[in-house]
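The values are calculated or read from the model by the stated rules, or taken from the named source; none is laboratory data. Just so it is clear, the model here is predicted, and its values are computed rather than measured. Neighbour counts run over all protein chains shown; Cβ positions are idealised from the backbone, glycine included.
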Amino acid sequence: MAITKVRGQLLTGVDDNATASSIVINSDGVVTKPLQPSCLVTGSGAWLTITQTTVLPFAASLHDSGSNFDTSTYEFTCPVAGSYLFTANVYGRLKSGYTGDNFNWWGLMPHRNGSSITNVNIMGYQNAGDGDSTATFTTVVFCNASDTLSLSLRVSSGAQAEIYQSHMNLSINLLS
């Protein structure tokens with residue numbers, strides 16, 4: 001890595017190649033990393049019914065530094081090993097098909113390489129009705145290079161849930 005721009009005693013950029021600054025320090029001393037892997041994706045469309053554990057269709061990219069999120073598989077591929085901040089917000093509701101207290105919930109389930117990382121973040125637990133709710137989820141996940149991250153929605157056995165696709169988002173950012 002070479003220092004590419006020095007003005008007086010102020011470092012204003014560090015490159016690992018000739019075409020992009022990996023680290024930029026502005027004249028106020030603010031440090032930015034324009035190549036830091038990160039994404040912000042959202043769904044598109046209206047209500048989608050979910051009847052089993054399903055990877056959520058984050059099909060629209062609002063930001064994707066490094067082009068690491070695949071909007072056809074709904075997976076983020078980690079370009080380097082490190083700790084990643086994984087956050088999501090999903091608007092949804094129970095739809096039908098549930099009976100009893102143990103069978104009326106839906107929740108978010110993060111995955112690394114297709115396997116669940118943690119227990120389901122249960123939302124939408126109802127005794128009756130189809131009350132709408134918003135599930136939020138935040139965790140830090142350590143990943144190896146080429147690991148993939150995705151988010152599923154899981155519903156209780158025999159139940160149906162709906163998510164409003166244009167009111168959900170997922171953000172993944174490399175922390176270190």
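A compact table of results
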| item | result |
| --- | --- |
| Candidates Val55, Val80 - the one that is touching a residue at least 12 places away in the same chain (Cβ under 8 Å) and farther than 18 Å from Leu153 by Cα | Val80 |
| Hits in the range 51-78 (condition: over 20 Å from Tyr164 (Cα atoms) and either among the hydroxyl-bearing types (Ser, Thr, Tyr) or not assigned by TED's automatic domain parsing to the domain that holds Ser157 (or both)) | Ser65, Ser67, Thr77 |
| Long-range neighbours under 7 Å by Cβ, at least six apart or interchain, first residue on the phi > 0 side of the Ramachandran plot within the range 131-154, second buried (at least 19 other Cβ atoms within 10 Å of the Cβ) | Ser146/Cys78 |
| The range 17-52, residues that are touching a residue at least 60 places away in the same chain (Cβ under 8 Å), not in a loop (DSSP other than H, G, I, E, B) and not small (Gly, Ala, Ser) | Cys39, Leu40, Val41, Thr42, Trp47, Leu48, Thr49, Ile50 |
| Pick from the range 92-119, criterion touching a Phe, Trp or Tyr at 6+ places or on another chain (Cβ under 8 Å) and closer than 11 Å to Leu153 by Cα, ranking: modelled with the highest pLDDT | Pro110 |
